[in-house]
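Trainee: Just passing along the structure, written as structure tokens.
The values are calculated or read from the model by the stated rules, or taken from the named source; none is laboratory data. What you are looking at is a predicted structure, and each value in this text was computed from that prediction instead of being measured. Please note: Cβ atoms are built from the backbone with ideal geometry, for glycine as well, and neighbour counts cover all protein chains shown. Note: accessible area is taken over every heavy atom of the protein model, side chains too, but ligands, DNA and RNA are not part of it. Shrake-Rupley method; radii C 1.70, N 1.55, O 1.52, S 1.80 Å.
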Amino acid sequence: MSGPNTDYDPVEVAAVSPAEVEAARDAALAAIAAAADLEQLKAVRSEHAGDRSPLALANREIGALPPQARKEAGQRVGQARGAVNKALAARQVELEAENEARILVEEAVDVTLPTDRDPVGARHPLTTGSELIADIFVAMGWEVAEGPVIEAEWLNFDALNLGPDHPARTMQDTFWTEPADNHVVLRTHTSPVQARTMLTRTPPIYVVCPGRVFRTDEYDATHSPMFHQVEGLAIDEGISMAHLKGTLDHFATQMFGEGITTRFRPSYFPFTEPSAEVDLVCFVCRGSQVNDEGETCRTCRGEGWIEWGGCGIVNPRVLQACGVDSSRYSGFAFGMGIDRTLMFRHGLEDLRTLFEGDVRFTTAFGSEL
Amino acid sequence: MKAPVSWIRELVDLPADVTTEVLTDRLTALGLKLEAIHSADITGPLVIGRVLTQDKEPQKNGKVINWCTVDVGDANGTGEPQGIVCGAHNFGPGDLVVVVLPGGVLPGGFEISARKTYGHLSAGMICSARELGLGDDHDGIIVLPPDAGEPGDDVFELLGLDDEVIEFEINPDRAYALSLRGVAREAALGFGAPFTDPAERSLPEVDGRAWQVEVEDPAGCPVFAARLVSGFDPTRPTPDFMKRRVEQAGMRSISLAVDITNYVMLELGQPIHGYDADKVAGALRVRRAREGEKLTTLDDAVRDLSTEDLVIADDSGPIGLAGVMGGATTEMSDTTTRVLVEAAHWDAVSMFRTGKRHKLTSEAGKRNERGVDPLLPGAAADRVVELMVEHGGATAEPGFTLVGTAPERPTISFEPDLPARLSGIDISAVTTVESLRAIGAAVTESGDGSLEVVPPTWRPDVNDPYDLVEEVVRIVGYDQVPSVLPRRATGRGLTRAQRLRRRIGRTLAGAGCVEVVSFPFVGEATFDRLGLPADDPLRSTVGLANPLSSEEPSYTTTLLPGLLEAAGRNVSRGAPGVSLFETGTVAFPSENGPAPIYGVHTRPSDAELEKLLEALPVQPLHLAVVLAGERSRAGWWGEGADAGWTDALAVVRRLADELGVRIQVANAARMPWHPGRCAVVSIDEVVIGHAGELHPSVCKAFGLPARSAAVEVDLDALMAAAVDVTPGPVFSTMPVAKEDVALVVDASVTVAEVEAALREGAGELLESVRLFDVYTGEQIGEGRKSLAFALRFRAPDRTLTDAEISAARDAAVAAAVERVGAVQRT
């Protein structure tokens, strides 16, 4: 760089002449506009805005101009450089956006590719079904009571008004533990849980007892030596069959939908008196196919009703054995098979699918609550 | 119980418009549940025909057929005689026969059409009783009496083919409904129709002369009636109506004498026994059997009698198992002419026990063990005599022996508003009294407004006020019970254990495991497959006295067998891999048996209850997991991975984290696991279970892929340790400092030991330590391994200086050097 020169005429200095500066600016802007990608822009930046670029060189000459000429030349070169830098930045943004868009296009995948790397688990419908039932009752303020499956004979039978010579004992083919005079059985129903509850709590009592029970049935499509029951027990002042009906209607509606109610038929159970069988309005045909020869509902076999379980007013003899004051309290009890309920709720043909453990069966219920 | 509608209508005068459907609906509503309605499975035309001509035509096969023309009136639409080929020979021209014409359908879906046979076009069939489902008689076709009707008349009613039979499901308390008398009484109740009690008969004077009877056990046999007939003609057939009814009721027709006793039992509900009087030696004695006595019963079984069995004996010893089955020596036969008729009332409990002891179920036993009307014996015996005289040509011998008196029915004191209170139906006192009288109870109103009710003798099941409530409510109608939700329940929600179990199930499902429910029955062979040593405590089981299979006579002590079998089943059905879990109770025997049997009139004391509960097996809730074969799948993303011991431990750790439980694991050798790849899992040094790779022999035994893994833990113990209230976590937001160290240790040193040393040495600034690599190889040397740990340091209040970080790291390494002989690798 040369030193200040008093007679130096900036117009005469080629590098800072308006024409030169304009030409350099225009060349730079043209090159910027022509840069097709970030790589080219980088080269353009170096050529037209770098240290060795015409405008940078021109800028350097300004210092050598006489003071009176510096201002004008400085303005001229500065504006040109500003225009170039602005164009560069704008083009940079433009090209980056283009580049990003291109990469996103290149990175596109086939989203129909499988993603099933991890195994899928599921809980058993007997579990989720029992929980659904429990939740229906818990929402009404009931509690869920439980007890052991290997149970004292006294709790499974005697306390429930099933004396040693009661004919009903033969209705329930019992697994006895060894030695047989040990008086311990695999419970034949969940009723001993009711007895345990009455023996250990004071009324009012509102409990449901879901659980596993055993009877010596041969294993086939509709029988199993192990199955599941849910029983309910309410002991309070002034309890009547109307409360039993109300509770079962509510249960049925929650479980099977609006309009699905119950009916009672007189029946016999040692632990209840009066006793009733409880039938459910067929939730598939809702009775529309009764006596319809053409189309017979497969769920209720054209009867319009499905046998659901048994119920009744708790026999005062049971209250007595379990220490409940039967002059003050009355109660109702009901019970139904969970497996059977699931079978008709889901249209299962063979009970054994519940106990085989085939994952294809259970995972099908994975979306159940 | 099967009851022909015609028989019901004979005893109750039902309105004509009561169809069988209406009848069964009403009876079902009263508690006699309809099982099925059986009707003759025949579609007409089925008409009377008069045989006009009968040409016998011998065939090449030696058979002779009859080519007949039969007048069927206008039934065939033409009025012309019908040509029919018939193979039977018990008829001739002029006889009235039963003809089914083309278009008719006989039982079994046998469709009748005109068809060519033996050179003729046979247009219909002349029917035998068997072809019409009217019994087994196929000796020939039915020949009707000459006055049966005119050719072309429909024969459905004539033959009783229009009769329907109702099959009821009778509850064990409704013994009286095991008779037409009982069913008809219920029908009368249901329709307010007049009822004719077939047991209401005028009886001869009791003089004890029919036969000498001594009842030594009046408690077991409160009433015993005996009658005698002579001159009975054993060759006479059972009249058609009786035979049909006995068969309609589901019993076999055997002989006139036997059929009469069964007929009367069906009619009245009173079991009857008939003896060949000539074979009875001396007086009948009702007593308990003596030690060592034997009896051959009618079914030819020799029975060793118990001293609790009630028997009927004569001078020769026991000749009948009282109320259950008669003996062979005095059985009525085809030469019996003198019949000694027995009708007795037996103690129901004794009947039940004898039936159970000898595994005998008979029609008589079924009724006697449920309870029969004690007023019936005299009437029933008289009815038998009447029928034997009428149909067997017998003579009623004078004399009527009746020992004992019917037990009294209790008087029940009853509040007339109880039915309304217990049913929730508005039932007035008047309705209550009327209903009780309608079932045959005697009701007197006492001054204070309460009722004195004596239930009828045929209802031994009605003894308590609540029994009377059921009677009233079923008459008013169960369909009248309103639907009202109880409003007083104020529960506490699910218990902690119930909530935890749901959470555990969801966690396992989230970990890709599928829940199964399997049977808890096991046997020695099951434990052998698990490779358990002979003295393994798991082999000490709660045994079953009556297992379904002798191979699996015990309640299980481990959930693994059922789970491993299910896994094997999935694999054999083509699953490339399977992850299963099960929660369920297992059982360990208690030493505190037997469980007491208490009375039922008062609550057992707390101490008594405790004793009862202690006698029960210990039944902890277990969780088991089996991971077999492919655990993560291979795919376009790369390789998959098979399940192994790490997956088993990962499941356990995930559960522990989910419940906020700190568990410890250590190597252990225990079947059915691989001895070198099994972890014992503990909480505070109490073992709660095991996890790891299964022993190769166990994988093989259950058909599982090599290196399958399993877990079994005591879920009760795990849940007991679950965190109740999580303390609020405190953590620093200062910068973290990361340091990696590689330590070479002896191969026998565990990662847990090295990690513990690092933690202790590093001090408070250590935030976490995690093993990220294990290396063995030449550079390290035989029997050595290099463990690489990532340490993270952080202070609660400041950025750590380089000096602080180095010091903490060096202290950690120094502790590892000192405690486990580690050498830092640089």
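Trainee: Could you tell me whether any residue of segment A:239-251 is within 14 Å of chain B (Cβ to nearest Cβ), modelled with pLDDT under 95 and either in contact with a strand residue (DSSP E or B) (Cβ under 9 Å, 6 or more places away or on another chain) or part of a helix (DSSP H, G or I) (or both)?
Mentor: no
Trainee: In segment B:473-493, what residues are under 31 Å from the mean Cα position of the chain (by Cα), surrounded by fewer than 19 Cβ atoms within 10 Å (Cβ to Cβ) and within 7 Å of chain A (Cβ to nearest Cβ)?
Mentor: B:Asp479, B:Ser483, listed by residue number.
Trainee: Being more than 7 Å from chain B (Cβ to nearest Cβ), over 41 Å from the mean Cα position of the chain (by Cα) and assigned to a strand (DSSP E or B) is the filter here; which residues of segment A:256-273 pass it?
Mentor: Within segment A:256-273, no residue meets the criteria.
Trainee: Among the residues of segment B:796-809, how many are surrounded by 13 or more Cβ atoms within 10 Å (Cβ to Cβ) and touching a strand residue (DSSP E or B) at 6+ places or on another chain (Cβ under 9 Å)?
Mentor: Qualifying residue count, segment B:796-809: 6.
Trainee: Taking the options B:Gly62, B:Gly152, B:Gly109, name whichever one is over 30 Å from B:Met242 (Cα atoms) and not hydroxyl-bearing (Ser, Thr, Tyr).
Mentor: From the options B:Gly62, B:Gly152, B:Gly109, the qualifying one is B:Gly62.
Trainee: Any idea how many residues of segment A:315-337 are surrounded by fewer than 22 Cβ atoms within 10 Å (Cβ to Cβ) and either in contact with a His (Cβ under 8 Å, 6 or more places away or on another chain) or acidic (Asp, Glu) (or both)?
Mentor: Summing the residues that are surrounded by fewer than 22 Cβ atoms within 10 Å (Cβ to Cβ) and either in contact with a His (Cβ under 8 Å, 6 or more places away or on another chain) or acidic (Asp, Glu) (or both) in segment A:315-337 gives 3.
Trainee: Further, regarding this structure: Within segment A:320-369, restricting attention to residues that are farther than 23 Å from A:Phe251 by Cα and touching a Pro at 6+ places or on another chain (Cβ under 6 Å), which residue is modelled with the lowest pLDDT?
Mentor: A:Ser326
Trainee: Conditions: (1) farther than 18 Å from B:Asp162 by Cα; (2) not in a helix (DSSP H, G or I). B:Arg26 meets all but one. Number of the miss?
Mentor: (2)
Trainee: Now, a different point. Of B:Thr235, B:Thr261, which residue is open to solvent by 50 Å² or more (accessible area, probe 1.4 Å) and assigned by TED's automatic domain parsing to the domain that holds B:Phe352?
Mentor: It is B:Thr235.
Trainee: Next question. Step by step: first the residues of segment B:375-390, then only those that are open to solvent by less than 10 Å² (accessible area, probe 1.4 Å) and not β-branched (Val, Ile, Thr), then the one that is nearest to B:Leu310 (Cα to Cα). Which residue is that?
Mentor: Among those residues, the one meeting the criterion is B:Pro377.
Trainee: For segment A:165-192, what are the residues that are touching a helix residue (DSSP H, G or I) at 6+ places or on another chain (Cβ under 7 Å), of a type outside the set (S, T, N, Q) and more than 7 Å from every other protein chain (Cβ to nearest Cβ)?
Mentor: A:Val185, A:Arg187, A:Pro192, listed by residue number.
Trainee: Look at A:Leu162 and say whether it is touching a helix residue (DSSP H, G or I) at 6+ places or on another chain (Cβ under 6 Å) and either open to solvent by less than 20 Å² (accessible area, probe 1.4 Å) or of a type outside the set (Ser, Thr, Tyr) (or both).
Mentor: Yes.
Trainee: Need the failing condition index for B:Asp448 against (1) in contact (Cβ under 8 Å) with a residue 12 or more places away in the chain; (2) of a type outside the set (Val, Ile, Thr); (3) more than 7 Å from chain A (Cβ to nearest Cβ), just the number.
Mentor: With respect to (1) in contact (Cβ under 8 Å) with a residue 12 or more places away in the chain; (2) of a type outside the set (Val, Ile, Thr); (3) more than 7 Å from chain A (Cβ to nearest Cβ), B:Asp448 is out only on (1).
Trainee: Taking B:Ile112 as the residue in question, decide whether it is at pLDDT 85 or above and over 26 Å from B:Lys366 (Cβ atoms).
Mentor: Here the answer is yes, as B:Ile112 does meet what is asked.
Trainee: Further question: At pLDDT 95 or above and over 30 Å from A:Leu244 (Cα atoms): is that true of B:His358 in this structure?
Mentor: For B:His358, the condition - at pLDDT 95 or above and over 30 Å from A:Leu244 (Cα atoms) - is not met.
Trainee: I've got another one for you. Please state which one of B:Ala742, B:Ala717, B:Ala709 is open to solvent by 20 Å² or more (accessible area, probe 1.4 Å), in contact (Cβ under 8 Å) with a residue 24 or more places away in the chain and under 56 Å from the mean Cα position of the chain (by Cα).
Mentor: B:Ala717
Trainee: Residues that are over 21 Å from B:Arg252 (Cα atoms), part of a loop (DSSP other than H, G, I, E, B) and touching a residue at least 24 places away in the same chain (Cβ under 8 Å): does segment B:134-146 have at least one?
Mentor: yes
Trainee: From the residues in segment B:167-181 that are surrounded by fewer than 23 Cβ atoms within 10 Å (Cβ to Cβ) and touching a helix residue (DSSP H, G or I) at 6+ places or on another chain (Cβ under 6 Å), which one is modelled with the highest pLDDT?
Mentor: B:Leu178
Trainee: Exactly one condition in (1) assigned by TED's automatic domain parsing to the domain that holds B:Glu630; (2) farther than 27 Å from B:Met671 by Cα; (3) touching a Ser or Thr at 6+ places or on another chain (Cβ under 8 Å) is false for B:Gly512; which is it?
Mentor: For B:Gly512, the exception is condition (2).
Trainee: Please indicate, with yes or no, whether at least one residue in segment A:306-319 is within 17 Å of B:Val473 (Cα to Cα), assigned to a loop (DSSP other than H, G, I, E, B) and within 7 Å of chain B (Cβ to nearest Cβ).
Mentor: Checked segment A:306-319: at least one residue is within 17 Å of B:Val473 (Cα to Cα), assigned to a loop (DSSP other than H, G, I, E, B) and within 7 Å of chain B (Cβ to nearest Cβ).
Trainee: Also, quick follow-up: Scan segment B:302-347 residue by residue and report those that are within 14 Å of another protein chain (Cβ to nearest Cβ) and open to solvent by 30 Å² or more (accessible area, probe 1.4 Å).
Mentor: Residues satisfying the conditions are B:Glu308, B:Asp347.
Trainee: As an exercise: evaluate A:Ala195 against (1) open to solvent by 10 Å² or more (accessible area, probe 1.4 Å); (2) farther than 29 Å from A:Arg352 by Cβ; (3) touching a helix residue (DSSP H, G or I) at 6+ places or on another chain (Cβ under 6 Å); (4) not β-branched (Val, Ile, Thr) and give the number of the one condition it does not meet.
Mentor: All conditions are met except number (1).
Trainee: Of the residues A:Ala87, A:Ala97, which single one is away from chain B (no Cβ under 14 Å), open to solvent by 50 Å² or more (accessible area, probe 1.4 Å) and not in a loop (DSSP other than H, G, I, E, B)?
Mentor: One residue alone meets the criteria, A:Ala97.
Trainee: Is it the case that some residue within segment B:51-66 is under 18 Å from B:Asp153 (Cβ atoms) and touching a residue at least 24 places away in the same chain (Cβ under 8 Å)?
Mentor: So far as segment B:51-66 goes, yes, one or more of its residues are under 18 Å from B:Asp153 (Cβ atoms) and touching a residue at least 24 places away in the same chain (Cβ under 8 Å).
Trainee: State all residues of segment B:302-322 that are free of Cβ contacts under 8 Å to residues at least 40 places away in the same chain and in contact with a Leu (Cβ under 9 Å, 6 or more places away or on another chain); if no residue qualifies, say none.
Mentor: B:Val302, B:Asp304, B:Leu305, B:Val311, B:Ile312, B:Ala313, B:Asp314, B:Gly317, B:Pro318, B:Leu321
Trainee: In addition: Output the residues belonging to segment A:18-44 that are surrounded by 17 or more Cβ atoms within 10 Å (Cβ to Cβ) and either free of Cβ contacts under 8 Å to residues at least 24 places away in the same chain or of a type in the set (Ser, Thr, Tyr) (or both).
Mentor: The one that is surrounded by 17 or more Cβ atoms within 10 Å (Cβ to Cβ) and either free of Cβ contacts under 8 Å to residues at least 24 places away in the same chain or of a type in the set (Ser, Thr, Tyr) (or both): A:Ala31.
Trainee: For segment B:572-679, give me every one of the strands (runs of 3 or more DSSP E) that falls completely inside it and has 2 or more residues that are within 29 Å of the chain's Cα centre (by Cα) and more than 9 Å from every other protein chain (Cβ to nearest Cβ).
Mentor: Qualifying strands (runs of 3 or more DSSP E): B:621-632.
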